[in-house]
Each structure stands twice: as C-alpha cells, then as structure tokens.
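Here's the structure, in structure tokens; my notes come after.
The values are calculated or read from the model by the stated rules, or taken from the named source; none is laboratory data. Quick caveat: nothing in here was measured; it's all calculated off a predicted structure. FYI the Cβ positions are ideal-geometry reconstructions off the backbone, even for glycines, and counts take in every protein chain you see.
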Amino acid sequence: MVQNRKKLIELFIGNISNAIVHEILEKAANEEEISSKYQKEINVSFNKAKEYREKINPKLLPLPEKDVEHIKDQVRNEVMSKLNQRISQRYENIDLNLIEGLIDKFLKNTDII
C-alpha cells in the first residue's frame, strides 16, 4: 500500500505541475487559438490531479505536513524546470513570478493545503 500511495502522490505532482505550467503559458500566449489549447490542457491535467488526490486519502482528512511540504517542493521544482526549458526554447512573456501563487491556488483547490 505504501508504494501505491507514493506512486499516487508522484502522479498527482506530475498532473498538477502540468496544469500550473500550462496556466502560465496560457497567460503568456498572445494568440487566442494557442491560449484555448493551453486551457484544454489545464482542464485535463487538473481533473486528473483531482482524481489522484481522491485516491491518496479522503479529502476530509488532511495530508501529513511532511507530505504537503514534499508535494509543494516537488511541484515547484518541476514547474521551474519545465518553464526554464520553455524559456530556453525561446518562448516569450513567461512570468516566473506567478509560480508560487498558482501552486497555492491549485493545491488549495485540491484540498492539499
């Protein structure tokens, strides 16, 4: 069961990170067509993250503080990595200052914090 829980947490982190990255990319996009594709990706990843959150433990029971900190750290690292990769590929208007606020927003919306 412990291995399964660890895997669920990692899957949650991957999906919530993807949603945050695409939220930032959507804000950076200048074209409506591109922006709508990012929005679809946000919805898919966020909904998948919510499914994994439900499987980790019931929403009414809070996660242990060490799990919350682990999740926040991993999400932050993954989002920074993905966005820096996009910046190196010459994506423009990416605002790294949005990361912390979006992490808090998404983790609150999934009852992690």
Is one or more of the residues making up the stretch 16-39 surrounded by fewer than 18 Cβ atoms within 10 Å (Cβ to Cβ), over 25 Å from Ile87 (Cβ atoms), in contact with a helix residue (DSSP H, G or I) (Cβ under 9 Å, 6 or more places away or on another chain) and at pLDDT 95 or above? no
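Would you check if there is a residue in the stretch 98-113 being within 16 Å of Asn15 (Cα to Cα), among the polar types (S, T, N, Q) and out of contact with any helix residue (DSSP H, G or I) (no Cβ under 6 Å at 6 or more places or on another chain)?
Narrowing the stretch 98-113 to residues within 16 Å of Asn15 (Cα to Cα): 99, 102-112.
Going one step further and asking which of them are among the polar types (S, T, N, Q), we end up with 109-110.
Subset that is out of contact with any helix residue (DSSP H, G or I) (no Cβ under 6 Å at 6 or more places or on another chain): 109.
There is at least one residue in the stretch 98-113 that is within 16 Å of Asn15 (Cα to Cα), among the polar types (S, T, N, Q) and out of contact with any helix residue (DSSP H, G or I) (no Cβ under 6 Å at 6 or more places or on another chain).
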When you scan the stretch 1-43, how many residues do you find that are under 13 Å from the mean Cα position of the chain (by Cα) and not hydroxyl-bearing (Ser, Thr, Tyr)? 19
Give the stretch 40-54 a look and list any residue that's surrounded by 15 or more Cβ atoms within 10 Å (Cβ to Cβ) and of a type outside the set (Asp, Glu), or say none. Ile42, Ser45, Phe46, Lys48, Ala49, Lys50, Tyr52, Arg53
Name the residues in the stretch 85-103 that are charged (D, E, K, R), under 21 Å from Lys72 (Cβ atoms) and exposed (fewer than 12 other Cβ atoms within 10 Å of the Cβ), would you? Asp95
I'd like the full set of residues that are farther than 14 Å from Asp73 by Cβ, of a type in the set (A, V, I, L, M) and modelled with pLDDT of 95 or more, limited to the stretch 1-15. Leu8, Leu11
